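Notes follow once the structure below has been shown.
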Amino acid sequence: MAELQALSSALTDQLPPEAVSGTYFPATHQLALTFDEPVQPGTVVPASIAIDANNDGVADITLDSGCTVLTPGNASVLTIQVSTAVHNAFVALANRNAMKLLLAAGAVRDAAGNLVATLTDAGNVPVSYGPPR
């Protein structure tokens, strides 16, 4: 048993967090992003988070400095209060059925301090508009 404890104490998390999904709630102007492990809300860089609404790999909406992370501690789901400008961009989208999450490298860190890797539309992480169905 002592050998297992020694081995486990030497193991460290070296894997970056991966985004799983997102949901934009227009009534509350909140964007919820789900990751595969807890992330540190204090490390979020809003301008590194974007939405591709038409699967062309280009950001149609990018979070700005007016966005605030509401999640108080490490969690798998980050809730972000978006600015009025970002909310208006979501509302103005002609098609909200094919939104994908885009992340720049380092947009957030996991609980162990690992930086999220770049996420493009090829990563196929969906963002729904309103509660998931």
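Values quoted throughout were computed directly from the atomic coordinates according to the rules given, and no laboratory measurement underlies them. Keep in mind it's a predicted model, so treat the numbers as computed, not measured. Virtual Cβ from ideal backbone geometry, glycine too; neighbours counted across all protein chains shown.
Which of the listed residues, Met1, Val86, Ser65, is farthest toward the dipole's positive end in the chain, when Lys, Arg count +1 and Asp, Glu count -1 at the beta-carbon?
Val86
Give me the net charge of Val58's neighbourhood, meaning all other residues with Cβ under 14 Å from the Cβ of Val58; Lys, Arg count +1, Asp, Glu -1.
The answer is -3.
Would you tally the net charge around Gln40, using a Cβ to Cβ cut-off of less than 14 Å, leaving Gln40 out, and scoring K and R as +1, D and E as -1? Could you put the intermediate results ahead of the total?
Values: positive: Arg109; negative: Asp13, Glu37, Asp110.
Result for the local shell: -2.
Please give the calculated 222 nm ellipticity per residue for the chain, where each DSSP H segment of at least 4 residues contributes -39500 (n - 2.57) and the sum is spread over every residue; nearest 500 deg cm²/dmol?
Values: 2 runs with 18 residues, N = 133.
One gets -4000 deg cm²/dmol as the mean residue ellipticity at 222 nm.
Please work out which option in (i) 28, 17, 13; (ii) 22, 17, 15; (iii) 30, 15, 13 gives semi-axes √(5λ) of the Cα gyration tensor in Å calculated from these coordinates, and answer with its label.
Given (i) 28, 17, 13; (ii) 22, 17, 15; (iii) 30, 15, 13, the structure-derived one carries the label (iii).
From Cα pairs below 8 angstrom and at least 6 apart in sequence, can you work out the relative contact order of the chain, rounded to a whole percent? Please report the intermediate quantities before stating the final value.
Working: 303 pairs, mean separation 42.2, N = 133.
It rounds to 32 percent for the chain.
Would you mind pulling out the separation of the Cα centroids of segment 83-126 and segment 60-75, in Å?
11 Å
For Met99, Met1, what's the fewest-to-most ordering of other Cβ within 10 Å of each Cβ?
Values: Met99 25, Met1 5.
Fewest to most other Cβ atoms nearby, the residues stand as Met1, Met99.
Ranking Val116, Val39 by Cβ neighbours within 10 Å, fewest first, what do you get?
Values: Val116 24, Val39 27.
Ordered by Cβ neighbours within 10 Å, fewest first: Val116, Val39.
About the Cα centre of the chain, what is the dipole size in debye to 20, counting +1 per Lys and Arg Cβ and -1 per Asp and Glu Cβ, all else neutral?
Details: 4 positive and 11 negative charges, 80 e Å.
Rounded to the nearest 20 debye, it is 380 debye.
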